Every structure is written in C-alpha cells, then in structure tokens.
Amino acid sequence: MARKMLIDGELNKPSEEAHYDFDLFVIGAGSGGVRAARFSANFGAKVGICELPFHPISSEVIGGVGGTCVIRGCVPKKILVYGASFRGEIEDARNYGWEVNENVDFNWKKLLQKKTDEIVRLNGIYKRLLSNAGVKLYEGEGKIVGPTEVEVTQLDGTKLCYSAKHILIATGSRAQRPPIPGHELAITSDEALSLDELPKRAVVLGGGYIAVEFASIWRGFGSNVDIFFRKELPLRGFDDEMRAMVARNLEGRGINVHPRTSLKELIKTEDGIKVITDHGEELMADVVLFATGRAPNTKRLNLDAAGVEVDQIGAVKVDDYSRTNIPSIWAIGDVTNRMNLTPVALMEGTYFAKTVFGGQPSKPNYSNVPHAVFSIPPLSVVGLSEEQAIEQAKGDILVFTSTFNPMKNTVSGRQEKTLMKLIVDAGTDKVLGASMCGPDAAEIMQGIAIALKCGATKEQFDSTVGIHPSAAEEFVTMRTETRRVAAGKPKTNL
C-alpha cells in the first residue's frame, strides 16, 4: 500500500506503530471530497467518508452525496437556466418562420420535478462511484474530535467514532444572510431552487454569480425582477467592460437594475413582502433572494479539538499542498476559500490523493482557470482581466475587442450584442486573458482556456483558421488593437 505524507516539504514514511480504522477519512462528500476519496482508494488507501443524507423534497437539510454543485448549486441551477432560455428562443423563433401561438403555457411544477429527478439520478451515481472504488460511506454529520479521530452523528442520534491516519475536510460553503430587519422573510439560493410556486415579483439582493443568474432565470420565466447591488456594476472582480455588458443585457431582457443600492428592511404584508431600500424606495415582492455571498462550512466541525487554524471568516488555513497546521489534517474546496469553483475542488482532491497516497507531491495550479456566469446570455472568462493585466504586467498591454450582433439575431431581430476580448502582453505577444459575453460563451471559452494554458501568443491566435460562420471565429480574426495601455495606468472610462 502506498502510504506517504508530506511533512515540511519532504516525503517521509509515517510511523506504522499505531493502528487506524482508515488510512483516510473524508468529512464531506461533495465534488472535491468524492474525488479525493476515490483517487486515494485507487492508490490503495482504506477510505471512509461521511455526508448528511439527501432528501429530494426538502431544502432544509444541507447534505447529499454530490455536494452543493450537484444537489443545490451548479446542476439544478443550469437546468433552470436551460428552462428559462426557451422563452427567448420562442420569441426569436417567430422571425424564423415558426408560427408560435401567442399564449405558450409553462408548467413550473413539471420542470421542478424534472430537476429533482436529475439530482436524484446524479446522487445515486456519486454513491455508486464511491462504492465501486471501495470507499465506505457513512450518512451523518462528521466532526473532528482529535488529530486522527472523527465522530459521525447519524440522523437518529447514534454516534460513530473512527480513527484515521489522515483526515480530509471537504465540507464546502453555505449561503449567508445579511442581518437586516426582516431577513427571515428572504430566501437563499438553496430555497430558490425548490420554490413551490414561480414568483410573479422577485427581488434579488447581490451582484455576484448567483444574483445575476437567478435574476436571469426568473425573468426568463416571465417574472418581474428587480436586482439591487452596492457597486456601480454587477460581478465585482470581473473585467469592467464585461460587467457593463452584463448589466446592459440584464436591462435589455427586462430586469430592473438598481446599482449603488441595498435593502434596508423587509416587512411582511397581506400582499407579499414590502421591500424598503436604503434610498427610501418601496416595492412589493413575492420572493426576496439574498445572494450576498457564501461562508466556509466550518462552524460545526469542532476544529478546536485538534487545533486546526482558520482565518477571520472561518476558512481552513492550508499550505500549497492543502495541508493544515496539523500534519494529519488536510482541507480542499470551498471550505478553504481559495478559488471556489467545482472543477478547482476536483483538482485539489486529485492532487491531495497524489500527494498523500500516490507518492507524487502535487501543488494545485490556479493559473488560467476558466469560469462562467450563467446569466442569459452567459459570460465566460479565462486568465487576466484588463484591470488585472494593467496592474500586474511590466510593460504595455494590447486590448483587442469585437462587438457584434450574432448572426442569429440579425434574423430574429433581437437587439443584443456579443462582446469578445483578448488581453495581450505587448512585449511578448502572449495572450494574458480572454473573455466573452454572449451565447455559448462557456462552451467557446473552454477551448480558449487550453490555448492560454499552453502559453499561446496573439500571432498563434491570428494564424488559426476560424470556423465559419460561427461566433467563435472572432477570437482568431481580431487583427486591430482597440487600445494600448501602459502598465500601471488605469484605462479611460468606458
């Protein structure tokens, strides 16, 4: 059995004196935890894992093998995005010759059931993946009771205790609620995915991924939607030009956008929820969604029992190999608050298994990680934004942009442009970043990400033959720079 661990940068064989129930015990069976458990087992480790059971008809239990992404995150959200997108497709179809009746019926409950069916299916697949790898699954809540000891509390209150040479924390994150008066009347994304009724009037507080995605979803289903965020533009941290495009698209789709505005109070009334903003404005809503960030899931882990260090927001502190300050305890995924994306948790889980059980010390590489915001239409990026490039680069930056009406829209009549952007180092010709806001952005950006990971230059982009007619070909036909910006100098206002 290959059992090695990283200590102070060197691989040393651990002591064989003590007996443990498991070589590895994982707390949390989300994407990262399942990946780490399976791969560790494939290296010959004896592995146990725990997770609360999943109840398809309840959004109250934060559990389920597959984790947030599968149960109450990426997967069910994307299903709703697909469903909401058909409204625009139906509108566009008329100018393509389809005789669509004025009244098109939509069955919200049918979609919810289809979404639940898919989650149950995936939950079963994840369980089988663990079983096939020889990983022992315990359904219950896990906590640490010592550097090599885990306690699992089952739903009936039964407590099971196990020892493990290594413990991996992979408990993810949870939605937060801002402490404004009436906050108990609002919901988070957990509940938003399972509403009994489609809201006619929805208010969204927040300007991040979840906020703009649910605003797009509900508007796509015909709801009246108001979105409030504190900054001038949504999606803080993304390229400013792309943020502005997303804001325009939200408004173009009929969403009421309220920048530089927050909520002051929620009041329950006979007509719904009265929403009062910090500017004194009032409006009524059937649903108020708080999409104001997530916090690492560490409060119930009893980390003090082993002396595991956390930061000011409760994230588990780890080194480059995902090891905590306690040599036998490790952590991956959102609970560490490094780069909170499902594929990143998968990468961290893979590298953890290689490091601890595969004899291959491996540091996760967070450069050029692509990601997408599934607003309608979506935004996807990889590499540096223009602002980041200006701040980090040593020389001038070349910016190439293309704004155009997609071919599909020229016939449908939809007034919604696509924006593509490349950021290039003027000195080396290396492409530092790419972004796109428009249909199929995520699908296109996955391929662009490979190019950036390989260190592609603008000349190599230019020498690549495009696929015609397609939107993607714009990335290899942008020949004339839009602007040149000196390093360290802010660009002019958009």
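Data overview
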read-out	value
Within the range 414-429, considering residues that are farther than 17 Å from R248 by Cα and either modelled with pLDDT under 95 or small (G, A, S) (or both), the one surrounded by the most Cβ atoms within 10 Å (Cβ to Cβ)	A426
Subset of the range 260-290 (residues that are more than 18 Å from L198 (Cα to Cα), in contact (Cβ under 8 Å) with a residue 40 or more places away in the chain and within 29 Å of the chain's Cα centre (by Cα))	S262, L263, K264, E265, L266, V275, T277
Where a residue in the range 33-55 is free of Cβ contacts under 8 Å to residues at least 40 places away in the same chain and its partner, wherever it lies, is surrounded by fewer than 24 Cβ atoms within 10 Å (Cβ to Cβ) and β-branched (V, I, T), with Cβ under 7 Å and at least six apart	H55/V61
Selected residue (only one of A164, A170, A211 is of a type in the set (G, A, S), in contact with a strand residue (DSSP E or B) (Cβ under 7 Å, 6 or more places away or on another chain) and closer than 27 Å to R243 by Cβ)	A211
Any hit, the range 441-464, residues being in a loop (DSSP other than H, G, I, E, B) and within 27 Å of R248 (Cβ to Cβ)	no
For T410: the one exception among (1) in a helix (DSSP H, G or I); (2) over 25 Å from H371 (Cα atoms); (3) in contact (Cβ under 8 Å) with a residue 24 or more places away in the chain	(3)
Matching residues, the range 124-168, being polar (S, T, N, Q), modelled with pLDDT of 95 or more and surrounded by 14 or more Cβ atoms within 10 Å (Cβ to Cβ)	T148, T153, S163
Selection from the range 308-333 of residues that are out of contact with any Asp or Glu (no Cβ under 8 Å at 6 or more places or on another chain) and touching a residue at least 40 places away in the same chain (Cβ under 8 Å)	V308, D320, Y321, R323, I326, P327, S328, I329, W330, A331
All positions within the range 203-253 that are closer than 17 Å to T292 by Cα and of a type in the set (F, W, Y)	Y209, F214, F228, F229, F238
Subset of the range 84-123 (residues that are among the charged types (D, E, K, R), surrounded by 15 or more Cβ atoms within 10 Å (Cβ to Cβ) and more than 16 Å from S194 (Cβ to Cβ))	R87, D92
Residue within the range 386-393 that is at pLDDT 95 or above, more than 21 Å from the chain's Cα centre (by Cα) and charged (D, E, K, R) present	yes
Residue within the range 83-96 that is at pLDDT 95 or above, touching a strand residue (DSSP E or B) at 6+ places or on another chain (Cβ under 8 Å), assigned by TED's automatic domain parsing to the domain that holds C161 and among the hydroxyl-bearing types (S, T, Y) present	no
Residue check for D311: surrounded by fewer than 22 Cβ atoms within 10 Å (Cβ to Cβ), acidic (D, E) and under 30 Å from L205 (Cα atoms)	yes
Residues of the range 73-123 satisfying the condition of being over 23 Å from P439 (Cβ atoms) and touching a Leu at 6+ places or on another chain (Cβ under 6 Å)	W108
Set G488, G395: member being within 23 Å of A244 (Cβ to Cβ) and assigned to a loop (DSSP other than H, G, I, E, B)	G488
Leading residue by the ranking (modelled with the lowest pLDDT) among those in the range 3-35 that are among the aliphatic types (A, V, I, L, M) and within 27 Å of G66 (Cα to Cα)	M5
Matching entry among R230, R219 (being among the basic types (K, R) and either under 30 Å from A353 (Cβ atoms) or touching a strand residue (DSSP E or B) at 6+ places or on another chain (Cβ under 7 Å) (or both))	R219
Per-region count, the range 350-392, residues over 18 Å from A45 (Cα atoms) and outside any loop (DSSP other than H, G, I, E, B)	15
Any hit, the range 353-361, residues being hydrophobic (A, V, I, L, M, F, W, C), under 30 Å from S216 (Cβ atoms) and modelled with pLDDT of 95 or more	no
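The values are calculated or read from the model by the stated rules, or taken from the named source; none is laboratory data. If you're wondering where the values come from, they're calculated on a predicted model, not measured in any experiment. Note that we place each Cβ from the backbone using ideal geometry, even for glycine, and neighbour counts take in every protein chain shown.
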